[in-house]
Amino acid sequence: MIKQITQYPTQTSFDFGGTVRHFDESLQTLINDLKDTIEANKLEGLAAFQIGSPLNVIVIKKEGEFLEIINPVIFTKEGELTPTECTAYFPNITAVTKRAKKIKLTYDDSEGKQQFLTATDDLAVLIQRKNDYLLGSTFISRLSPEEKKIFENKLKGFSDTDAQASCNISPFSDKILTVIKYGLIAGLISLIGAFFSTMTPYIKIFEHYLMIMIAILIGLYFVRALYEGKRCGVCQIGNTAAVLLIKSTYLAGLYLLNYWILF
């Protein structure tokens, strides 16, 4: 029977696949449903998760024949590929992932007999992608941070070109945060050194200009973070404001320590 394929944003009601214990008629019915649904939608394969079943079952269509993979366990991965993948869960949307070029797995066939399989290239990628569903995930977990931002834009309706252009910027705001972090640490270390040094006047000057620099960097971070969020089509005003508040609090704390220790 042809089944409806679960598509984004619909979520399954289970997180991980259930091990098949009974190789009976109900299992064969599920396998037949997967085959019928693959044929009807002209797909390369489906995991049981994709038609609403929690069982660890994958069916792959390979060279006109069906490969039934039950309770798969991938125990060896070799090499690396960066394929452009698509899946029925995210129709008409592609993403560049990272996959193993060669895998070895053990699984049960429909009669419960243990089998071993070595798969390479396209077949290896397909099995890995379907196995993600059995782990309660999708290929999103295989995306780099940059590719994930692009993919999120595609989900919002951006074209492929616009999605890539909108996020083709470096996260410079993160670098600013790193400088602020080390600036605050340097200020704290300098204050601690004031207890053991006779160069208090010079430490006062250093702390004065350091706090001015940190204040400027905090303002620069806020502007840059909002700019990056706008370019990537992400509304992150709340998150940016929270970081701004935290860093400003740290700076205020450094100022109070300066007043208490040096003045």
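Odds and ends about this structure:
- Residues whose amide H lies under 5 Å from that of Ile5, counting only those 5 or more places away or on a different chain, are absent; hydrogens are built 1.01 Å from N in the peptide plane.
- Each of Ala215, Tyr182, Ala242 was placed along the dipole of region 172-262 (beta-carbon charges, centred on the mean Cα), and the one lying farthest toward the positive end is Ala242.
- Extension gain, Tyr8 to Met199: 0.36 nm times the residue separation minus the Cα-Cα distance gives 62.4 nm.
- Student exercise, the chain dipole from Lys, Arg, Asp, Glu Cβ charges, in Debye to nearest 20: 1160
- Karplus-derived 3J(HN,Hα), 6.51/-1.76/1.60, for each residue of region 79-94, Hz, glycine and proline x: x, 8, 10, 10, x, 8, 10, 9, 8, 5, 5, 10, x, 6, 10, 10
- The magnitude of the dipole of region 25-166, with charges of +1 and -1 set on the Cβ of Lys/Arg and Asp/Glu and taken from the Cα centre, is near 460 debye.
- Angle between the chain longest axis and helix 237-262 axis [Cα atoms, degrees, rounded to 10]: 30
- Global geometry of the chain, whether rounded, prolate or oblate, following the gyration tensor of its Cα atoms and the 1.5 cut on a/c: prolate
Bear in mind that the values in this text are calculations on the coordinates, not laboratory data. Here the structure is a predicted model, which is why all the values come from computation and not from measurement. Cβ sites come from the backbone with ideal geometry, for glycine too, and all protein chains shown count toward neighbours.
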